[in-house]
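Throughout, read-outs are computed from the coordinates displayed, never taken from laboratory work. Small disclaimer: the values here were computed from a predicted structure and weren't measured. Cβ placement follows ideal geometry from the backbone for every residue including glycine, while neighbour counts extend to all protein chains displayed.
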Amino acid sequence: MEDMVIPMSLGNMEDIGQDSNILPEIYEREERIVVDYSNLPDKYKHLLVSDEIRREGDLLERRVNELSHTLQHIKAPNMRAVEKFDLAGEKLQGTNTEFEKARAKTKKAQQAFERVKKERFDLFMSCFEHFLNKIDGIYNSLARNNSAQAVLCPENPVESYLDGIDYNCVAPNKRFQPMSSLSGEKRPSRHWHCYSPFTV
């Protein structure tokens, strides 16, 4: 209560505290003091009955004492907890740094993998298309008939270099039939099952 600051519109508390035995001077100084009630809640501004004023004053004093008691029993902050928190933050930062490095390496490896995958696919398709363009003419020559057809088809359309290649042909004046529907003696001449030299 001793350190309480009372807001003033005019004057200050020192005017009251000055020692003087002359009453007129004391009254004059007190008249110069104007307390600022602008921050006071409205319910206190309208208190007129002395009993009400005393009751509210007692309640406020009790509340102040409770708060003072609470402040006295608040423990000082644990500085070691702050140190541990800072240490955990440093570890987290280090973990994030390592994670970013690992993610960058993974991305680089993925890009390298995709580059090699595309290179293998391009090389395979270059070879495959060469055979595809030649095989039909070769089969026509063997069959001595331009109506004969030969077809190459990768077993794996996505990564063709990983699996085999089906070879099917259509004999002159015959309809196309897959290998599974042909008789045993017809299969060797009409179906070759090749494996890609790019398979690893």
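Taking the centroid of alpha carbons for each part, segment 26-48 and segment 134-156 are 112 Å apart.
Which order do the peptides 129-140, 83-94 take when ranked by the mean count of other beta-carbon atoms within 10 Å per residue, highest first? Each step should come with its number before you reach the end.
Values: 129-140: 13.6, 83-94: 10.1.
Answer by packing, highest mean first, reads 129-140, 83-94.
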